[in-house]
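Peer 1: After the structure tokens below, expect a handful of questions from me.
The values are calculated or read from the model by the stated rules, or taken from the named source; none is laboratory data. The structure presented is a predicted model; accordingly, all values stated were derived computationally and were not measured. Because the Cβ atoms are built from the backbone with ideal geometry, glycine has one as well, and the counts that use them run over all protein chains shown. Surface accessibility is based on the protein's heavy atoms, side chains included, excluding ligands, DNA and RNA. Shrake-Rupley method; radii C 1.70, N 1.55, O 1.52, S 1.80 Å.
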Amino acid sequence: MWNFPDRLFLYKDEATPSLDADKTATYLQEILGIPTETRQDFLREYGRKDLRRIAERIAESRVKNVDRPFESGQAAYGEIEFELRFLENPTKKVPGVLYDGLRIERLLLEMLPRRMRAAKIQHFVFTSRLIGTFEADGRYHAHVILCGYPSIISTSGLVEAPAKPKEYYVLKQRFIQAGDDVPFEMLKERFAGQFIDYDDPRITEVLKGYALQCVVHSIAGEPFCQNRRCRLFDAHWQSELIEAQLHGDRFCKRHREMLTAIRRAAES
Amino acid sequence: MPIFQKAGEADVTRAILAGFTHDFEEYADTEVVIIGGGPSGLMAARDLARKNVKVVIMERNNYLGGGFWIGGFLMNTITVRAPAQKVLDEIGCPYKEFSKNLYVTPGPHACSKLIAAACDAGAKIQNMTSFEDVVIREKNRVSGVVINWTPVHTLPREITCVDPIALECKVVIDATGHQAEVMQALKKRGLAKIVGEGGMWVEKSEDAVVEHTGIAYPGVIVAGMAVSSTYGLPRMGPTFGAMLLSGKRAAEAALKEMGK
């Protein structure tokens, strides 16, 4: 049983200028036939009233230890001030912090005005914050998308979540074992082009596919495909991501038929 | 014919005392006290002094500069990544481009230029002085520091009775490196948190240090590696750009805090 929204809202990530949310919205509308609108940054759209309280909630969502389940507690004064600075200037990327995705999602839902909370309206929030969830293997995993209400699509997750080439980690580990400190960003230069990086010009094209995964999940309850050549494929490696998302609008047979059925239903 | 003009021992002593007393009287009630004279503390002091802020650095050692004299593995070449080379331009320190966006300069040259830049701008320096505690005022805001001579700490407690003294100020900058001494003092009093490690991702450590620089407790700004310790950020490479830019951010935050 499909759950058909009659409107989709995409919220821009002002910290990622290389992401064109309008193009992504047009893509979704063309492929699904569902009216899709773009809005400004979610936290700016709905968070004007009580920035300090929102900053506090975001700060409380910080993951302090990736090897332990989330430990809730009061945020430090400086952490709240840190979040406040980013809320006041949403064009800046938040570096070096992992947030518990489920807590961020709960906050976003609470911020949504009641009139905007309905099964017929789906919200997709682009953010530069890195989000993760604690998984059964006993540690946090970063994600590109977190399907829910609203769904979150992380531009930092696109860079950090799918694994880079194995050699990247071997080299990184060697530096760590040698007891040396390296500016790890410089390691990336050796592997340029083999993964999506911050402000990568390919971000919009890649995130079209991820946004589609979120919408398909909200409609059909099944976000991912096992076929590497389908845009709905759940890539664990950057090479898989590039293969799935940057070779035209490819879908497996089942998902192509599903998307056609969704479009027909939406247009009827 | 002697080279130097005559000056008696007593005159030399009086000159030292008068110079010290004059400066110390100014520190007693100042605008910004910076604890730690490493690269971030010096940078903050230089930028604040250039804005005519009354600022003093408290340094526990007799030398300033912290780890800025040497790079990684005791080799005295300093590296900075773009855009931190612009700071080297500001303080008049020459450098070379090693590779795209990575610059190198001799540590002693960069460090001495930075110390001179802070002093030339008007920052006061009190070396051989250790931070002991914070002064707390209304609403638990930090409004000063308690200090003592460093050598006092090397003597056994049983035979030392040198009481510390307190200085009042509007803002304290914790630039004490990994120890984050000011924040630790607040933690001991149960007033502030030092965040544990583990939640950050190492690739963004330099950006994270600069972006986390700012107010960490009412009246206290953290800068440099103290930021890393306060927020549990990962260690980063032997590249000093983040220390310099963190110092600049700390100065901006102090100006904002004082409404300037």
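Peer 1: Taking H placed 1.01 Å from N in the peptide plane, check which residues at least 5 places from B:GLY38 or on another chain put their amide H under 5 Å from its amide H.
Peer 2: Here the answer is B:GLY65, since their amide H atoms fall under 5 Å of that of B:GLY38.
Peer 1: Which whole-Hz ³J(HN,Hα) couplings does segment A:145-153 yield from phi under the Karplus relation 6.51 cos²θ - 1.76 cosθ + 1.60, θ = phi - 60°, glycine and proline marked x?
Peer 2: 10, 10, 6, x, 9, x, 7, 10, 10
Peer 1: Count the lysine pairs in chain A whose Cα atoms sit under 18 Å apart, keeping only pairs 8 or more residues apart in sequence or on different chains.
Peer 2: So the count works out to 9.
Peer 1: Next up: Among the lysines, select those whose C-alpha is under 22 Å from the C-alpha of B:LYS54, and discard any that sit fewer than 8 residues away in the same chain.
Peer 2: Within the straight-line limit of under 22 Å, B:LYS54 reaches these lysines: B:LYS113, B:LYS124, B:LYS170, B:LYS248, B:LYS256, B:LYS260.
Peer 1: Measure off 7 Å from each Cα along the Cα-to-Cβ vector at B:LYS96 and B:ALA7, then give the distance between these two points in nanometres to one decimal.
Peer 2: Output for this residue pair reads 4.1 nm.
Peer 1: Can you list residues from other chains, or at least 5 along the same chain, whose modelled amide H is less than 5 Å from the amide H of B:ILE78?
Peer 2: B:THR105, B:GLY107
Peer 1: I'd like the isolated cysteines in chain A, meaning no second cysteine's beta-carbon lies under 4.7 angstrom from theirs.
Peer 2: A:CYS147, A:CYS214
Peer 1: Working with all protein chains in place, sort B:VAL33, B:VAL162 by solvent-accessible area computed with a 1.4 Å probe, largest first. Present the calculation step by step, with values, prior to reporting the outcome.
Peer 2: On the way: B:VAL33 0, B:VAL162 70 Å².
The ranking, largest first, comes out as B:VAL162, B:VAL33.
Peer 1: For chain B, set up a Gaussian network in which alpha carbons nearer than 10 Å are linked by springs, and say which option among B:GLU138, B:GLU206, B:GLU31 fluctuates the most.
Peer 2: Checking each option, the largest mean-square fluctuation is seen for B:GLU138.
Peer 1: Here's something else I'd like to know. Just the number, please: buried accessible area between B and A, total of both chains, 1.4 angstrom probe, nearest 100 square angstrom. Show your work: numbers first, answer last.
Peer 2: On the way: alone 14000 and 13420 Å², together 24650 Å².
Adding both sides of the contact gives about 2800 Å².
Peer 1: Right, here's the next one. Nearest 5 is fine: what % of DSSP beta bridges in chain A come out antiparallel, could you say? Could the numbers behind the result be given before it?
Peer 2: Values: 8 of 26 bridges.
Roughly 30 percent of the DSSP beta bridges within chain A come out antiparallel.
Peer 1: Looking only at the protein assembly as shown, where both bridge partners belong to it, what percent of the DSSP beta bridges are antiparallel (to the nearest 5)? Walk me through the numbers before you get to the answer.
Peer 2: Values: 30 of 65 bridges.
Antiparallel: roughly 45 percent of the beta bridges in the protein assembly as shown.
Peer 1: Same structure again: Please arrange A:THR38, B:THR30 by accessible surface area, largest first, computed with a 1.4 Å probe and ligands excluded.
Peer 2: Numbers: A:THR38 40, B:THR30 10 Å².
These residues rank, largest area first, as A:THR38, B:THR30.
Peer 1: Next up: How many partner chain Cβ atoms sit within 10 Å of a residue's Cβ in peptide A:123-132, on average, as a whole number?
Peer 2: Values: counts 0, 0, 0, 0, 0, 0, 0, 4, 0, 2.
Taking all residues of A:123-132 together, the mean is 1.
Peer 1: At 0.36 nm per residue, minus the direct Cα-Cα distance, what do A:ALA266 and A:GLU135 gain on full extension? Give it in nm, one decimal, please.
Peer 2: Details: separation 131, 0.36 × 131 = 47.16 nm, distance 3.55 nm.
Additional length available on full extension: 43.6 nm.
Peer 1: Separate question: Using a basic spin-label model with each label point 7 Å from the Cα along Cα→Cβ, how many nm lie between A:LEU246 and B:ASP89?
Peer 2: 3.3
Peer 1: What residues have an amide H closer than 5 Å to that of B:ILE221, excluding those fewer than 5 places away on the same chain, when H is modeled at 1.01 Å from N in the peptide plane?
Peer 2: Long-range HN contacts for B:ILE221: B:VAL172, B:ILE173, B:ASP174, B:ALA216.
Peer 1: Separate question: Percent of accessible area on segment A:38-194 owned by carbon and sulfur, 1.4 Å probe?
Peer 2: On the way: 3370 of 7050 Å².
C and S atoms contribute 48 percent here.
Peer 1: Ok, one more. Can you work out the PRE-style zone for A:TYR169? Point 7 Å along Cα to Cβ, and I want the residues of segment A:68-109 with backbone N under 18 Å.
Peer 2: Answer for segment A:68-109: A:68.
Peer 1: Additional query: Please name which of A:TYR46, A:ILE34, A:LEU10 has its Cα lying farthest along the dipole of segment A:1-48 towards the positive end, using unit charges on Cβ (Lys, Arg +1; Asp, Glu -1) and the Cα centre as origin.
Peer 2: Of the listed residues, the answer is A:TYR46.
Peer 1: Defining a contact as two alpha carbons under 8 Å apart and six or more residues distant in sequence, what relative contact order in percent does chain B show? Don't skip to the answer; put the middle values down first.
Peer 2: Numbers: 535 pairs, mean separation 58.7, N = 260.
Computed value for chain B: 23 percent relative contact order.
Peer 1: Relative contact order, percent, of chain A when contacts are C-alpha pairs under 8 Å separated by at least 6 residues? Show your work: numbers first, answer last.
Peer 2: On the way: 444 pairs, mean separation 58.4, N = 268.
For chain A, the relative contact order is 22 percent.
Peer 1: What number, in percent, do you get for the relative contact order of segment B:136-187 if the mean sequence gap of Cα pairs under 8 Å and at least 6 apart is divided by its residue count?
Peer 2: Details: 42 pairs, mean separation 18.6, N = 52.
Taking the mean separation of contacting Cα pairs over the length of segment B:136-187, I get 36 percent.
Peer 1: Tell me, what HN-Hα J-couplings in whole Hz come from the Karplus equation 6.51 cos²θ - 1.76 cosθ + 1.60 at θ = phi - 60° for each residue of segment A:91-107, using x for Gly and Pro?
Peer 2: Residue by residue, segment A:91-107 yields 7, 8, 7, 7, x, x, 10, 9, 10, 6, x, 5, 6, 5, 4, 5, 4 Hz.
Peer 1: Pick out which of A:THR155, A:THR36, A:THR127 has the largest mean-square fluctuation in a Gaussian network model of chain A, springs linking Cα atoms closer than 10 Å.
Peer 2: Checking each option, the largest mean-square fluctuation is seen for A:THR36.
Peer 1: While we're here: How many partner chain Cβ atoms sit within 10 Å of a residue's Cβ in peptide A:96-105, on average, as a whole number?
Peer 2: Mean shielding by partner chains, rounded to a whole number: 3.
Peer 1: Which one of A:GLN226, A:ILE196, A:LEU241 has its Cα pushed farthest toward the positive end of the charge dipole of segment A:186-250, where Lys and Arg give +1 and Asp and Glu give -1 at the Cβ?
Peer 2: So the residue we want is A:GLN226.
Peer 1: Ok, one more. Which value, in Å², gives the accessible area per residue of chain A when a 1.4 Å probe is used on the protein heavy atoms? Before the final figure, lay out the partial values.
Peer 2: Values: 12050 Å² over 268 residues.
Value returned for chain A: 45 Å² of accessible area per residue.
Peer 1: Protein chains only, probe 1.4 Å: how do B:TYR231, A:TYR27, A:TYR77 rank by accessible area, largest first? Walk me through the numbers on the way to the answer.
Peer 2: On the way: B:TYR231 0, A:TYR27 25, A:TYR77 85 Å².
Largest accessible area first, the list is A:TYR77, A:TYR27, B:TYR231.
Peer 1: Here's something else I'd like to know. What are the ³J(HN,Hα) couplings of segment A:235-244, residue after residue, when phi is run through the Karplus curve with 6.51, -1.76, 1.60 and θ = phi - 60°? Round to Hz, x for glycine and proline.
Peer 2: For segment A:235-244, the Karplus curve yields 6, 9, 10, 4, 5, 5, 4, 5, 4, 6 Hz.
Peer 1: With unit charges on the beta carbons (Lys and Arg positive, Asp and Glu negative) and the dipole taken about the Cα centre of segment B:1-131, which residue among B:LEU74, B:PRO39, B:MET1 sits farthest to the positive side?
Peer 2: B:LEU74
Peer 1: Leaving out ligands and nucleic acids, note down the accessible area per residue over segment B:1-83 with a 1.4 angstrom probe, in whole Å².
Peer 2: Here the per-residue accessible area is 59 Å².
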